[in-house]
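J.: Before I ask anything, here is the structure I am working with.
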Amino acid sequence: MDFFLQLLVNGLSIGFLYGLSAMGFVMIFKSSSVLNFAHGELIAFGAYLFLVLCSWAQLSLPLSFLLTLAGCFLLGFAVERVFLRPLIGEPLIFVIMLTVGLAAMFKGSILLVFGGNLHTYPDFLPPWLGLTWGSVSLQPVYTVTLIIGTAFLILFGLFFKFSSQGIYMRSVADNQRAALSLGVHVKRVFALSWAIAALVAGMSGIVLGIINGVNVHDLSGIGLKVFPVVILGGLDSIGGAIIGGIIIGVLEALTGGYISPSLKDVIPYIVLVFILMVKPYGLFGQVEIERV
Amino acid sequence: MLLTINNISVVYSDVIQVLKGVSLRVEEGQIVSLLGGNGAGKTTTLKAVSGLLKPENGRVTDGEIIFAGSPIHNLSPEEITRKGIIQVLEGRQPFKYLTVEENLRVGTAIRFGKPYQEDLKLVYSYFPALLNRRKMKAGYCSGGELQMLVMGRALMAHPRLLLLDEPSLGLAPLVVREIFGIIKRINEEQGTTIVLVEQNANMALQIAHYGYVMENGKIVMEGPAEELRENPDIKEFYLGVSAAGALKSYRDVKSYRRRKRWL
Ligand SMILES: Nc1ncnc2c1ncn2[C@@H]1O[C@H](COP(=O)(O)OP(=O)(O)O)[C@@H](O)[C@H]1O
Ligand SMILES: [Mg+2]
């Protein structure tokens, strides 16, 4: 029972992280219908930027963290401006292929600069962040994940619900043509979605780097996990992405603990197939409001 | 003149010519009605003004559109809306998953960061029905409420020129009457210049100052609204009333239409 609880707790927190990073992916999809195949590389970018700032430049922890987030935000913004904007209006498949190309480009550049070896951050998390209930314990890094994740979630929730910019972003996802007719800067909304997605991906990258170490192959591979997560949650549901992430995280942890660590990456997909057979739009896919 | 359309041609996808030399003038403070049957090119004319042709792969190939003294036919919708031209799209296009009030707030996009509480109050005063619905998702509103919503949303932008595309489409006569009353009030009280595209010529000519009739991508007739109302051709053709004053059946009007072409 304790073993089960321990797996559950670990699965929950890692799943929360998957969910958060999937949220960025969903945001891009909702605003511009683009599937971003470079999501894993954005995660890796965050992890490496943090490595540079924190381990190499020896900046303080909070400063490195904030600078990494800012850097990721700018990268996302730039990617949209430079690579995606010229393709607006072209068939979506070109745009999606472009993101595949971007993924290769980012991965290549990271390999060029950092090589394929495993890097690690200095051990900076104070042990008191670890929590223990009886025999179940939460490692410091998972506590941090839960705190940062929750903070992000609340912040974004407030942003999308109440701020004008958040409402403009939702309006573009809802009806792009109507948004355009009211003068919403649709391209700026696309850029902002990329920037926010990259920021959240970068944040996940830092945490994943703390947990597993920093390696470009592993990190970009985790980017592929957003696919089962968002398909499970429903491609267009931000809340669904979080819950989908948690489900996948828990499934992985349980599979790894009870069956075999080598099956860890397979079982979630099998479960996914079964769920999709019952609910083809994912668990939380937007049900079209018919009355209009 | 607030808006002058000079002999414009519009082509979709580089091959489909829809407008063939349309000219139209809108005086500041007036309601100008653009009438015509389905496919005449009314929506295309509005989109040429608002810049919304571009996303549909349409283009003004000839002629010019002058708004408040400067040419706008090459500008993007983002720029044109910021000059004060807002188009209310045909078929009511709400943001279905946003609440009514959030829908209205999108109308502030062209002056992001400025206060908007007063504008909300103004919109609710014109459309009190929206006030009870403010927290409801727009997708669940009725057709009449949606028409009010999309017009209110446009009003939030303080338009100098409001382009309304078939506001009466698919609404019950009583609701149409109410909405046209509000359009007239907005024009009179806010001083908003309005281009009103309609198939319901009867209603449109009651509130418009001036009217144009369009067919096959050309303007075929124009004049002050009261003259158009009395014009026997318009009466028979669009108001469905024959010279004898009897209501014509839809089929008669249709067959008449096939026989006679304007110009
Ligand atoms: N995006 C488009 N691409 C090609 N043809 C179009 C497009 N939009 C409209 N048309 C054509 O242009 C003509 C005029 O359409 P429209 O301006 O919508 O007329 P109206 O609003 O008067 O009904 C129609 O024949 C229509 O088929
Ligand atoms: Mg039309």
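J.: Gaussian network model of chain A, Cα springs within a sub-10 Å range: biggest mean-square fluctuation belongs to which of A:252, A:90, A:80?
T.: A:90
J.: Counting only other residues whose beta carbon sits under 13 Å from that of residue B:178, what net charge do I get with K and R as +1, D and E as -1?
T.: With Lys, Arg at +1 and Asp, Glu at -1, the neighbours total +2.
J.: Hey, another quick one. Mind checking which of A:267, A:129, A:108 is farthest towards the positive end of the protein assembly as shown's charge dipole, using Cβ charges of +1 (Lys, Arg) and -1 (Asp, Glu) about the Cα centre?
T.: Final value for the positive-end residue is A:267.
J.: Put a dot 7 Å past each Cα toward the Cβ at residue B:61 and residue A:158; how far apart are the dots in nm?
T.: 5.5 nm
J.: Just going by the charge dipole of chain A, with Lys and Arg at +1 and Asp and Glu at -1 on Cβ, which of A:212, A:19, A:36 is farthest out on the positive end?
T.: A:36
J.: Given q = 0.06, 0.10, 0.11, 0.12 Å⁻¹, what are the Debye log10 I(q)/I(0) values for the protein assembly as shown, with equal point scatterers placed on the Cα positions and solvent ignored?
T.: The Debye formula, applied to the Cα set alone, gives -0.40, -0.88, -0.99, -1.10.
J.: Run down the lysines and flag those whose C-alpha is under 28 Å from the C-alpha of residue A:161, throwing out any fewer than 8 positions away in its chain.
T.: Straight-line reach from residue A:161, under 28 Å: A:30, A:187, A:225, A:279, B:96, B:114, B:121, B:135, B:137.
J.: Mind listing which chymotrypsin sites (Phe, Trp or Tyr not before Pro) in the stretch B:176-233 are in a DSSP loop and have 14 or fewer other Cβ atoms within 10 Å?
T.: none
J.: Still on this structure, please answer the following. For chain B, what is the relative contact order in percent, using Cα pairs closer than 8 Å and at least 6 residues apart in sequence?
T.: Once divided by the residue count of chain B, the mean separation gives 24 percent.
J.: Mind checking which of A:227, A:159, A:16 has the largest fluctuation in a GNM of chain A, springs on alpha carbons under 10 Å?
T.: Largest GNM mean-square fluctuation: A:159.
J.: Placing unit charges on C-beta atoms (Lys and Arg positive, Asp and Glu negative, everything else neutral), compute the dipole magnitude of the protein assembly as shown about its Cα centre in debye, rounded to 20.
T.: With Lys and Arg at +1 and Asp and Glu at -1, about 860 debye.
J.: Report the FRET efficiency, 1/(1 + (r/R0)^6), for residue A:276 and residue B:112, where r is their Cβ-Cβ distance and R0 is 45 Å, rounded to 0.05.
T.: In this case the efficiency is close to 0.65.
J.: All other residues with a Cβ under 12 Å from the Cβ of residue A:268 taken together, and with Lys, Arg as +1 and Asp, Glu as -1, what is their net charge?
T.: With Lys, Arg at +1 and Asp, Glu at -1, the net is 0.
J.: What order do you get for B:112, A:160, A:284 when you list them from fewest to most C-beta neighbours inside 10 Å?
T.: B:112, A:160, A:284
J.: Let me ask something else about it. Under a Cβ-only charge scheme (Lys and Arg +1, Asp and Glu -1), can you give me the dipole magnitude of chain B about the Cα centre, in debye to the nearest 20?
T.: Here chain B has a charge dipole of around 660 debye.
J.: Enumerate the calculated ³J(HN,Hα) couplings along the stretch B:155-166 in order (Karplus 6.51 cos²θ - 1.76 cosθ + 1.60, θ = phi - 60°), each rounded to whole Hz, writing x wherever the residue is Gly or Pro.
T.: 4, 4, 8, 6, x, 7, 10, 10, 9, 10, 9, 6
J.: Between A:104, A:241, A:47, where does the largest GNM mean-square fluctuation fall for chain A, given springs only between Cα atoms within less than 10 Å?
T.: Top of the fluctuation ranking is A:104.
J.: Size of the dipole of the stretch A:1-119 about the Cα centre, Lys and Arg at +1 and Asp and Glu at -1 on the beta carbon, nothing else charged, in debye to 20?
T.: For this selection, approximately 200 debye.
J.: Could I have the simple spin-label model distance between residue A:92 and residue B:189, label points 7 Å from Cα toward Cβ, reported in nm to one decimal?
T.: Label at residue A:92, label at residue B:189, 4.3 nm between them.
J.: Tell me, in nm to one decimal, what length is gained between residue A:109 and residue A:262 on full extension, where the rule is 0.36 nm per residue of separation less the Cα-Cα distance?
T.: Separation in residues times 0.36 nm, less the Cα-Cα distance, equals 52.1 nm.
J.: Which percentage, to the nearest 5, of the DSSP beta bridges contained in the protein assembly as shown is antiparallel?
T.: 60 percent
J.: Per residue of the stretch A:159-174, in order, report the coupling 6.51 cos²θ - 1.76 cosθ + 1.60 (Karplus, θ = phi - 60°) as ³J(HN,Hα) in whole Hz, putting x for Gly and Pro.
T.: 4, 6, 7, 10, 6, 4, 4, x, 5, 4, 4, 5, 5, 5, 5, 7
J.: Quick query: amide H of residue A:283 versus all other amide H atoms, modeled in the peptide plane; which residues come in under 5 Å with a sequence gap of 5 or more or a different chain?
T.: A:233, A:234
J.: So, counting K/R as plus one and D/E as minus one, what does the shell of residues with Cβ under 14 Å around residue A:240 add up to?
T.: My count for the surroundings of residue A:240 gives +1.
J.: Quick one: A:99, B:108, fewest Cβ neighbours within 10 Å first, how do they rank?
T.: Least crowded to most crowded, the residues run A:99, B:108.
Here, each number is a calculation from the coordinates, and none is a lab measurement. Remember, predicted model here, so these are calculated numbers, not experimental data. Methodologically, a virtual Cβ is constructed for each residue, glycine included, from the backbone with ideal geometry; neighbour enumeration extends over all protein chains shown.
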